[in-house]
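What follows is a single structure, written as structure tokens, with notes after it.
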Amino acid sequence: MTTLHHRPSVMTANHTDQAYLLLRSAFVVAPILFGLDKFLGVLTDDWEAYLATWVNDLIPGDAHDAMLMIGVVEIVAGLVVLVTPRWGGLLVAAWLAGIIVNLVSTGEYYDIALRDFGLLLAALALSLLAMDRSRA
């Protein structure tokens with residue numbers, strides 16, 4: 001009698017590993033793309049509209065300068081997730097918390113703040129999954 005060896009496929013792979021890879025990929029790519037767009041203006045030509053006045057007052061320069069600095073931070077956050085997802089997930093979660101406070105304090109953009117809250121939870125999930133992987 002011959003024994004059949006089963007090769008795992010994408011469909012039979014560990015779902016925890018799949019979730020980890022999905023979240024890690026998303027939190028590498030999305031922050032980098034959003035950060036680059038602060039310089040390119042493809043997704044919107046008015047990122048400054050999303051910046052609360054009090055936040056703009058804290059950052060040197062005008063709102064455009066602030067968005068360029070924010071873009072650099074977003075690119076760095078995506079790279080941190082790439083290198084060390086455990087800490088990168090926490091960094092992205094903290095960054096999203098700041099974005100949520102900013103958006104809510106404008107008195108507008110509650111829908112985007114709610115979406116970003118969901119992303120914050122997903123970034124925390126990535127960090128937790130990465131912690132489990134580092135123990136294995």
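Nothing in this text is a laboratory measurement; each read-out follows from the coordinates by a stated rule. What you are looking at is a predicted structure, and each value in this text was computed from that prediction instead of being measured. Neighbour counts run over all protein chains shown; Cβ positions are idealised from the backbone, glycine included.
Residue separation times 0.36 nm, minus the C-alpha to C-alpha distance between Thr16 and Val101: what's the value?
Full extension of this stretch gives 27.5 nm more.
Size of the chain along its principal axes in angstrom, Cα-based, largest extent first?
Sorted from largest, the Cα extents of the chain read 75, 25, 25 Å.
Taking the Cβ of Ala130 as the center, what net charge do the other residues with Cβ under 13 Å away carry, scoring Lys and Arg +1 and Asp and Glu -1? If you can, show how the numbers build up before the last one.
Details: positive: Arg24, Arg86, Arg133, Arg135; negative: Asp17, Asp132.
Surrounding charge for Ala130 is +2.
What residue among Asn102, Asn56, Asn14 has the largest mean-square fluctuation in a Gaussian network model of the chain, using Cα springs under 10 Å?
Highest fluctuation among the options: Asn14.
At a threshold of 8 angstrom on Cα-Cα distance, excluding pairs fewer than six apart, so keeping six or more, what relative contact order does region 16-135 reach in percent?
Relative contact order, region 16-135: 31 percent.
Could you identify which residue out of Val92, Val76, Val42 has the top mean-square fluctuation in a GNM of the chain using Cα springs shorter than 10 Å?
Evaluated over the chain, the most mobile residue of the options is Val42.
Place a +1 charge on the Cβ of each Lys and Arg in region 16-135 and a -1 charge on the Cβ of each Asp and Glu, then give the dipole magnitude about the Cα centre in debye, rounded to the nearest 20.
760
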